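Asker: Structure provided below as structure tokens; questions to follow.
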Amino acid sequence: MPGVGLNNVVKAYGSTVIIPDLSLDIRESEFVVIVGPSGCGKSTTLRMVAGLESVSAGTIHIRDRDVTYAAPKARDIAMVFQSYALYPHMDVAGNMSFALRLAGTPRAEIDQRVKRAAEMLELTDYLDRKPKDLSGGQRQRVAMGRSIVRDAYVFLFDEPLSNLDAKLRSTMRTELAILHKKLDRTMIYVTHDQIEAMTMADRIVIMDQGIIQQVGSPRDVYTAPKNRFVAGFIGSPSMNFLDGELHGSGSKLEVHGQGFKIPVSKRMQITANAAKDRRVTLGMRPEHFAATANKDGKYAALNLDVDVAEYIGSSQFLAASLGGQPITATVDVGPDAEPMGSGQYFFDTNRMYLFDRASGEAL
Amino acid sequence: MKRWIAKSIGGLAVAAFAVTASFANPYEKYKGTTIVVSWPALSHYGKAQGLIDQFTAETGINVEVDALQYLKLRDRQILEMSKPEGEYDVVTWVVMWKGEYVSKGLLTPLSQFFTSGALVDPKFDIDDIADAYLQNGGVVGGKKGYMPGKSGALYGLPFGAETSIMAYRKDILEAQGIAVPKTYDELRAAMKKLGEAGIPAMTSRGKTGHQVTAGWLLHLAPLGGKIFDDEWNPVFNNAAGVEAAQVMREIAQTGPKGIPAFGFGDAAAAFLGGDAAFYIDTLKIAAMARDPKLSKIADKVGYALHPVGSRCGSETGGFAAGIPANSQNKEAAFLFLQYITSKKGDQKMVELGGDPVRMSTYKANADKFAEYPVILEQLPCADADWRPLIPEWNELNIDVLGQALTEVITTDKPIQPIMDAAAEKARAIMEREGYYAWKDVN
Amino acid sequence: MANAAISANSSEPSAPDGDRSVAKAPRDYRNIAPYFFIAPAVFVMLVGLVYPVFDSLYLSFFDWKIGEPFSKADNVGFTNYLRMFSDPDVWESIWVTFRFGFWTITLEMFLGVTLALMLEKPIRGASIFRTIFILPLMVSPVVVGLIWRYLFDARVGWINYYLGIWFGIEPQVWLGDAELAFFAIVFTDIWQWTPFIFIIVIAGLQALPSEVLEASRIDGANWWQQIFLVKLPMISSILVIALLMRLIDVFRALEVMYIMTGGGPGRATELLSLHIYNRAFDAQLLGYASAIAVLLIVIVTVLSAGILIIGNPMKDKSDV
Ligand SMILES: Nc1ncnc2c1ncn2[C@@H]1O[C@H](COP(=O)(O)OP(=O)(O)O)[C@@H](O)[C@H]1O
Ligand SMILES: [Mg+2]
């Protein structure tokens, strides 16, 4: 299969195992985002694909070719680094054309490709500037441009937007998405920011401690997280987790915990009834709380002690507690509402998640 | 920096026994006085400590020694002697400095003391002191200012003085059937013969600068040469000077490897290490040859007179001691000076391992040290004027002769033009410094 | 402290555009502050650097012999300078210095950079090598001079000994032959100072951002291209500084030659600084030596300025 394949890849530094066993298939032209907390092994994985890091065991294929032991330049890849890694002694054109010059590409073609990439990235006016004379965003675009002129088979990005400010970051996210459409190339993008992952990815790979937790479309990982880690990692603000126990059976199944008794939604009943261990973790996303009862959906009324209500425009963010356990909620009350206080709030039980408390697996 | 003060203690107690009650003791008056002596931290002076202890024990005069590194000595002495009341009561100088000291009025003429019957030991016998040493180190103001002559006066007595002799390897000469050379012709023939046999002939200083000049000067005087004539015209490019240079070239060609890089230490080490058959330089080589730490050839060394060319002439050097004009204990200082250069003191220095200055001492010990009979014979013809003691000598020595002679010993170029060019430079220096001003008057 | 207390106690916080003088005062202090902090350094520079330079400039107009009080020295105007410009010995010495500088700096830069590139990676034993390489730097020049003087000794030196044993080469008078002595001091200088280049360059190489080097690998640069197109250009400012320091050092070098050859034979190894030393303290021409010292300062200044203009190490500073 064309694309990029990692088969049972292992990475260890001495006796420290960073990646125990990783397999992943990336389709041609796919935009895959690897996301996970800092230190989970994302960069290591990407760098193994790039050939900058050796593989302890397993194989890596790019476009059906085993490149496990190939040098970086022989893999037909381009890479954008978090620090941009521009050559400080070369101007923008020099930076972008370096690979082509090394490859002995004819001068005319180099000029043409640099020109095209510069136009695409709006860098035409800066071609003879040195990196130190550019702003952060411009440098970032030069780094992009450097990989674009390569016209490589795979583009690798290691947190390319982390050094930009929030506004520029969101603009660049969009530009990257457009770029992907235009270039129609395989892209592997590493980030610790789940918003970048959700907004850009065709498929998201969620990693923790060197292990892939879930692979799926943004919708999959948001609506059907495989385990408590994914559920907590995807979504902002993070999902609330409350310990509880299953009581009753069949359609009368309820989750009981400190300060709450919530009926298990129809969607969850079958799997929940099958659970051997009645000790569960209840997951509730903050955005699935409401100040008033939902008209059509099932809901559970909960008494929240609100500590702080933060105004964020049309909704309010509540830092509260339920039965003594901290809980957060985002309630859509309109831009003109007074700060919300303690009292009864409503949770949409159709949106509830249940996890086995011991294993963290979704029920 | 290396300043240490050695104090003789307990001198008084011993002195009490030494005094014989029936005679008036010339030292009695100065008992308990402390004099300060400034001299270099060199071997001869280190050994003199035994003599100082004896002096204090016998006279009751205490002596503090301020021994400084040789290079620091002059500045320190000038500083002390320029004060209204100086710390130093006795100073020693290298002959080079004597003119300056006297012209600045820093020294007391010794005639002030030699006229006092109470101070002078009738048995002192100044004529017994090697004349070359006395003239070279102690007399200032004669001919050219630094040589003996009617206008001269005595300012110091030699202490730690030396002359040049020849040392040779008895075994090598015997094996090669070479007689000990007495003349330069014989020496050059011997060097040639050794060179052809592949045996390094004569060691010598040869490093650029004053070292190579020093090597050449050793041969200049015996071959009849001089640096200047009486009117300060450079004459070292005459036949004698060129011959001395030729001798240097032959020495470098037939001697141990590396002469153009040799300072005195290297030259001596080559001889002591067995890499040379001949040595002509300071008599200090004898003591070094006897020292098993320095020498591999102790019992193979013979000594002979410095070879003669057109005349007999060895070098003189080393130190003399005198009394600063601003000393506060001049009489006691004179008694000390007289004591250490007396026959008894001189003999004691020999016993302590130092170098004597008296002919009688050399005679008395002639059977103990192989070089003494030679020195005894050498000293009467030692030359006090083997190089001019004028301020310009430094430049001439190092910049002019030091360079020219390096060219002589490291190249095959004709010697006469090299020496002529050097003489021209020398003349320019003398002209610049106004030495020819009398020409126009006369 | 006192100010803070007053403003904290004042019941009425002053408006941003309130009392002008109050608002202005702190700004002035801030302007003075940098000068305040560099003042000690400037002072030390003036006393330690500028004063001696001017002193030697002053001295160069006198004919002063060692030991004679300065008050007795004659003011001779530009005589010393006139003499200097027509003195072939001075020019010969400058020529020796330039030749010495050319050979030592070229070879030291080449060897130092090469060694640094070879030992940059954490290969086995690299740290031991690195330690051994920098040892010569820690030896005082006087000791270096003594060591090499004995190694090069014609009679008992190891160099002649082993050349003889291993290659059957006749003993050479290393320090007594014009060409060999020059070679010997160049060799010794390289032995002593290559580690300096090595240390500076290896520090520069190790400080290079690894991602830039990785980027060049991905861009397809091979080992040579990475060195010549990426690494060396990126440490060019360090190379310029190293070059400059070595160049100035060449004009300062004295002790090693003084001990090994004393400048000889002839003037074959008499670098300008040693020439000045010999003139000042051997020939005892203090005024004339000062004039030559002024010439040395001029030469060093011109060379340094030239290098700085060509390759200003501050020019490329940036946070990339
Ligand atoms: N050279 C190395 N030796 C040992 N451990 C390393 C090395 N490089 C990275 N690691 C470890 O590997 C883990 C994964 O690193 P990385 O892939 O950079 O994480 P991230 O997901 O933040 O990109 C981290 O815990 C890091 O400490
Ligand atoms: Mg990372």
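Asker: What ³J(HN,Hα) values, in whole Hz, does the Karplus curve 6.51 cos²θ - 1.76 cosθ + 1.60 give for segment B:294-311 when θ = phi - 60°, with x put for Gly and Pro?
Answerer: Going residue by residue, I get 9, 10, 9, 10, 2, 8, 9, 8, x, 10, 8, 5, 3, x, 10, x, 8, 7 Hz, with x marking Gly and Pro.
Asker: Follow-up. With point charges of +1 on the Cβ of Lys and Arg and -1 on the Cβ of Asp and Glu, referenced to the Cα centre of segment B:208-321, which listed residue (B:Gly215, B:Cys312, B:Ile280) lies farthest in the positive direction of the dipole?
Answerer: Ranked along the dipole, the leading option is B:Ile280.
Asker: Same structure again: Determine how many Å³ per residue the convex hull of the Cα atoms of the protein assembly as shown encloses.
Answerer: Each residue corresponds to 327 Å³ of Cα convex hull volume.
Asker: Could you pull out which residues in segment B:45-85 have an amide N less than 11 Å from a spot 7 Å beyond the Cα of B:Asp121, following the Cα-Cβ vector?
Answerer: Under cut-off, by backbone N: B:55, B:59.
Asker: Which of these, A:Met340, A:Met48, A:Met239, has the largest mean-square fluctuation under a Gaussian network model of chain A (Cα springs below 10 Å)?
Answerer: Greatest mean-square fluctuation among the candidates belongs to A:Met340.
Asker: Further, regarding this structure: Nearest 100 Å² is fine: what is the total accessible surface buried where chains C and A meet, probe 1.4 Å?
Answerer: 2100 Å²
Asker: Moving on to the next point. What spacing in nm lies between the two simple spin-label points modelled at A:Glu175 and B:Arg290, each 7 Å away from Cα in the Cβ direction?
Answerer: Result for the modelled spin labels: 9.5 nm.
Asker: Okay, next question. How big is segment C:63-311 along each principal axis, measuring the range of its Cα positions in Å and listing the largest first?
Answerer: 73, 51, 27
Asker: With +1 assigned to the C-beta of every Lys and Arg and -1 to the C-beta of every Asp and Glu, and no other charges, what is the dipole magnitude of the protein assembly as shown about the Cα centre in debye, to the nearest 20?
Answerer: The dipole magnitude comes to about 2060 debye.
Asker: Taking every DSSP beta bridge with both residues inside segment A:3-224, roughly what % is antiparallel (nearest 5)?
Answerer: Restricted to segment A:3-224, the bridges split so that about 50 percent are antiparallel.
Asker: Counting only other residues whose beta carbon sits under 13 Å from that of C:Ala268, what net charge do I get with K and R as +1, D and E as -1?
Answerer: Net charge in that neighbourhood comes out at -3.
Asker: Under 15 Å from the Cβ of B:Phe113, count the other residues' Cβ atoms, weight Lys and Arg +1, Asp and Glu -1, and hand me the total.
Answerer: Residues close to B:Phe113 contribute a combined charge of -1.
Asker: First measure r as the distance between the Cβ atoms of B:Ala175 and C:Leu135, then evaluate 1/(1 + (r/R0)^6) with R0 = 56 Å and state the FRET efficiency to the nearest 0.05.
Answerer: Using R0 = 56 Å, I get an efficiency of 0.75.
Asker: Which longest uninterrupted range of chain A lacks any GluC sites (Glu not before Pro) assigned by DSSP to a loop state (not H, G, I, E or B) and surrounded by at most 15 other Cβ atoms within 10 Å?
Answerer: The longest uninterrupted stretch comes out as A:123-363.
Asker: Which pairs break 19 Å Cα to Cα here: A:Lys261/A:Lys298; B:Lys83/B:Lys330; C:Lys121/C:Lys231; B:Lys207/B:Lys257; B:Lys47/B:Lys296; B:Lys98/B:Lys284?
Answerer: Working: A:Lys261/A:Lys298 14 Å; B:Lys83/B:Lys330 16 Å; C:Lys121/C:Lys231 13 Å; B:Lys207/B:Lys257 13 Å; B:Lys47/B:Lys296 24 Å; B:Lys98/B:Lys284 23 Å.
Violating the 19 Å Cα-Cα cut-off are B:Lys47/B:Lys296; B:Lys98/B:Lys284.
Asker: Translational diffusion coefficient of segment A:240-356 at 25 °C, 0.890 mPa s, Stokes-Einstein with Kirkwood Rh over Cα pairs, in µm²/s as a whole number.
Answerer: Numbers: Rh = 14.6 Å.
In µm²/s, the coefficient rounds to 168.
Asker: If I take R0 = 35 Å and measure r between the Cβ atoms of C:Ile165 and B:Ala298 in this structure, what FRET efficiency does the formula 1/(1 + (r/R0)^6) give, to the nearest 0.05?
Answerer: Numbers: r = 29 Å, r/R0 = 0.83.
Efficiency computed from Cβ-Cβ geometry: 0.75.
Asker: Please report the accessible area of B:Lys144 (heavy atoms, 1.4 Å probe, ligands and nucleic acids excluded) in Å², nearest 10.
Answerer: 60 Å²
Asker: For chain B, what does the helix formula give at 222 nm: sum of -39500 (n - 2.57) over DSSP H segments with n ≥ 4, over the residue count, nearest 500 deg cm²/dmol?
Answerer: -11500 deg cm²/dmol
Asker: Also, quick follow-up: So, for chain C, what is the accessible surface per residue at a probe of 1.4 Å, expressed in square angstrom?
Answerer: With all protein chains present, chain C gives 56 Å² per residue.
Asker: Run the quick spin-label model on B:Glu424 and A:Asp193: label points 7 Å from Cα toward the beta carbon, then report their separation in nm to one decimal.
Answerer: 8.4 nm
Asker: With all protein chains present and a 1.4 Å probe, how do B:Cys312, B:Cys381, A:Cys40 order by accessible area, largest first? Can you show the working numbers first?
Answerer: Details: B:Cys312 50, B:Cys381 30, A:Cys40 5 Å².
Putting B:Cys312, B:Cys381, A:Cys40 in descending order of accessible area: B:Cys312, B:Cys381, A:Cys40.
Asker: Restricting to Cα pairs below 8 Å that are 6+ residues apart, what does the relative contact order work out to for segment A:240-356? Please round to a whole percent.
Answerer: Relative contact order, segment A:240-356: 31 percent.
Asker: Please report the relative contact order for chain B, taking Cα pairs under 8 Å with a sequence separation of at least 6, and give it as a percent rounded to a whole number. Numbers along the way, then the final one.
Answerer: Values: 859 pairs, mean separation 99.3, N = 442.
Across chain B, relative contact order equals 22 percent.
Asker: For segment A:3-224, what does the alpha-carbon gyration tensor say about shape, rounded, prolate or oblate, given a ≥ b ≥ c as the root eigenvalues, a/c under 1.5 as rounded, and a/b over b/c as prolate?
Answerer: Judged from the Cα gyration tensor, segment A:3-224 comes out prolate (a/c at least 1.5, a/b above b/c).
Asker: What residues have an amide H closer than 5 Å to that of A:Phe157, excluding those fewer than 5 places away on the same chain, when H is modeled at 1.01 Å from N in the peptide plane?
Answerer: Correct list: A:Val80, A:Ile188, A:Tyr189, A:Val190.
Asker: Might you work out the accessible area of C:Met245 for me, using a 1.4 Å probe with all protein chains in place, and round it to the nearest 10 Å²?
Answerer: Around 90 Å² of this residue is reachable by solvent.
Asker: In the full protein assembly as shown, how much of B:Trp393 is accessible to a 1.4 Å probe, in Å² to the nearest 10?
Answerer: Around 10 Å² of this residue is reachable by solvent.
Asker: Taking θ = phi - 60°, what integer Hz values does the Karplus form 6.51 cos²θ - 1.76 cosθ + 1.60 yield along segment A:213-228, in sequence order, with x for Gly and Pro?
Answerer: 8, 6, 10, x, 5, x, 5, 4, 6, 7, 7, 10, x, 6, 8, 4
Asker: Show that you can apply the helix-only estimate: for chain C, add -39,500 (n - 2.57) for every DSSP H stretch of four or more residues, divide by all residues, and state [θ] at 222 nm to the nearest 500.
Answerer: -21000 deg cm²/dmol
Asker: Please name whichever of A:Ala272, A:Val255, A:Phe355 sits farthest to the positive end of the charge dipole of segment A:240-356, dipole taken about the Cα centre and charges placed at Cβ: Lys and Arg +1, Asp and Glu -1.
Answerer: Toward the positive end, the furthest listed residue is A:Ala272.
Asker: Between A:Lys252 and A:Ser162, what's the calculated FRET efficiency when r is the beta-carbon distance and R0 is 45 Å? Round to 0.05.
Answerer: Details: r = 49 Å, r/R0 = 1.10.
Here the calculated transfer efficiency is 0.35.
Asker: Shifting gears a bit: Scanning chain C for trypsin sites (Lys or Arg not before Pro) in DSSP loops with at most 16 other Cβ atoms within 10 Å, what's the longest stretch left with none? It would help to have the intermediate numbers written out before the result.
Answerer: Working: sites that count: C:Arg124, C:Lys315, C:Lys317.
With trypsin sites (Lys or Arg not before Pro) excluded where exposed in loops, chain C gives C:125-314 as its longest stretch.
Asker: Considering only DSSP beta bridges whose two residues both sit in the protein assembly as shown, what percent are antiparallel, to the nearest 5?
Answerer: Counting only bridges with both partners in the protein assembly as shown, antiparallel ones make up about 75 percent.
Asker: Could you tell me which of C:Gly264, C:Ile128, C:Thr79 has its Cα farthest along the dipole of segment C:63-311 towards the positive end, charges placed at Cβ (Lys, Arg +1; Asp, Glu -1), taken about the Cα centre?
Answerer: C:Ile128
Asker: Roll a 1.4 angstrom probe over the protein heavy atoms and tell me the percent of accessible area of segment A:144-228 that is carbon or sulfur.
Answerer: 49 percent
Asker: Still on this model: Roughly how much accessible area, to the nearest 100 Å², goes out of reach of solvent when C and B pair up, both sides summed, probe 1.4 Å?
Answerer: 2100 Å²
Asker: Need one number: nm distance between label points at B:Asn25 and A:Asp307, each 7 Å from Cα along Cα→Cβ, rounded to one decimal.
Answerer: Between B:Asn25 and A:Asp307, the simple spin-label model gives 10.3 nm.
Asker: Taking the Cα atoms of segment A:1-104 alone, what are Rg (to one decimal) and Dmax (as a whole number) in Å?
Answerer: Taking only Cα atoms of segment A:1-104, I get Rg and Dmax of 15.2, 44 Å.
Asker: Can you give the relative contact order of segment C:63-311 as a percent, counting alpha carbon pairs under 8 Å and 6+ residues apart?
Answerer: 30 percent
Asker: When the Kirkwood hydrodynamic radius is evaluated over all pairs of different C-alpha atoms of segment C:32-169, what value in angstrom, to one decimal, is obtained?
Answerer: Taking the inverse mean of 1/r over all distinct Cα pairs, segment C:32-169 comes out at 21.3 Å.
The values are calculated or read from the model by the stated rules, or taken from the named source; none is laboratory data. Bear in mind that the values here come from a model prediction, so they are computed numbers and not experimental data. When we count neighbours, we look across all protein chains shown, and the Cβ atoms used for this are built from the backbone with ideal geometry, even at glycine. These area figures cover heavy atoms from the full protein model, side chains too; ligands, DNA and RNA do not enter into them. Shrake-Rupley method; radii C 1.70, N 1.55, O 1.52, S 1.80 Å.
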